[in-house]
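Structure first, then comments.
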Amino acid sequence: MILAAHQKIVVGVDGSPSSVSAALWAATIAERLGSPMHIAQAVQQPAFYPGEPASVIPREVWDEQRRAAELVVTDVAAAVLARHPNSAVTTSVEETSACAMMIELSRTARMLVVGNSGSGPIVCALFGSTAQEVSNAAQCPVIVWREGADAVDAPILVGIDGSATSEVAVEQAFELASLFGVSLIAALAWNSLSQGAASSLPGSADTIEIEREQRMLMSECLAGWAEKYPDVGVEHIVQQGNPAHLLVDLSKRAGLVVVGSHGRGVVARALFGSTSSNLTRHARCPVMICRDSTTEGARR
């Protein structure tokens, strides 16, 4: 199993309403999975005074920032325990960047969870220039919680493109669907450019052949997992179009979207990278971003 027993569900918080909601959602997931939960915040270096070296920053500034962060994680833990009194919850405040903190915590985590809005360092890190760094470097899936999506009994939606990261996403999606007792929606969107062919009109011979190949790819990607998890009902959706548009639309009836961090080939990688980025901003439910640690390690 990918999701080894007793690994923590790690939630990065910053005190924003979104991060609190993300923690409460993650607590429900942790309860379903029988996993402990860890709530963490990073203490960022205070802004330097104009024209003055860092050494003149009073120690009390650092201490106050840490006290504020400790209050945030304590309050979030209290909110979680009020709703899930039997949960095992721990907290920490790390004196490092949010990105470095989340990557380090991912080494022993089952999954990382963050909110999708706010102004604190967690959100800035994961929705700024380091978003790809976190999702690519984390040793576990990264979930971006989307506001207004609280259902955990809706189907799980998985995006498929045949890549190694897509395979990891499929495995995660099947296991979670089985654990939650929900069905799976497997979606694959394709276009002529990503298949190395000239633009084709719907219904043309080229389009029909490409769609047949894509349906075969879908079947191949799901075959082994469908046999391993016969209790999971699967809906297959293969259509020509933009992967982001398809998955965002289907997310309206899903409880979680699971995708790889990037796709297959130069063009597909750009499209699928854009897909995960679009989903974290527009999906109607939480988004899990997976990566293939073996492949990424080999690249480095």
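Order the following by accessible area, largest value first: 174, 180. Probe radius 1.4 Å; ligands, DNA and RNA are ignored. It would help to have the intermediate numbers written out before the result.
Numbers: 174 0, 180 30 Å².
Ranked from most to least accessible, the order is 180, 174.
Averaged per residue, what accessible surface does the range 206-250 expose to a 1.4 Å probe, in Å²?
56
What ranking do 235-248, 213-226, 15-28 get when scored by the average of other Cβ atoms within 10 Å per residue, highest first?
Averaged packing, sorted descending, gives the order 15-28, 235-248, 213-226.
Once amide H atoms are placed 1.01 Å from N in the peptide plane, what residues at a sequence separation of 5 or more from residue 284, or on another chain, have their amide H within under 5 Å of its amide H?
251, 252
Out of the total accessible area of the range 202-260 (probe 1.4 Å, heavy atoms of protein only), what percent is carbon and sulfur?
54
Check residue 111: other-chain or 5+ apart residues with amide H under 5 Å from its amide H, H built from backbone geometry?
Placed amide hydrogens put 10 under 5 Å from residue 111.
What is the percent carbon and sulfur in the accessible area of the range 80-119, measuring with a 1.4 Å probe over the protein chains and ignoring ligands? Walk me through the intermediate numbers first.
Values: 850 of 1860 Å².
Carbon and sulfur atoms account for 46 percent of the accessible area of the range 80-119.
Once both labels are modelled 7 Å past Cα along the beta-carbon direction, what's the residue 107-residue 211 spacing in nm?
Distance between the two pseudo-spin positions: 5.0 nm.
Taking the simple approach of a point 7 Å from Cα along Cα-to-Cβ for both residue 281 and residue 82, what is their distance in nm?
Using points 7 Å along Cα→Cβ, the separation is 3.4 nm.
Between residue 252 and residue 61, how many nm apart are label points set 7 Å from Cα along the C-beta direction?
My value for the distance between the label points is 5.0 nm.
What is the distance in Å between the Cα centres of the range 13-40 and the range 238-254?
Each part reduced to its Cα centre gives a spacing of 27 Å.
The values are calculated or read from the model by the stated rules, or taken from the named source; none is laboratory data. What you see is a predicted model; the values in this text were computed from it and never measured. Note that each Cβ is placed from the backbone with ideal geometry, even for glycine, and that neighbours are counted across all protein chains shown. Keep in mind that these areas ignore ligands, DNA and RNA; they rest on the heavy atoms of the full protein, side chains included. Shrake-Rupley method; radii C 1.70, N 1.55, O 1.52, S 1.80 Å.
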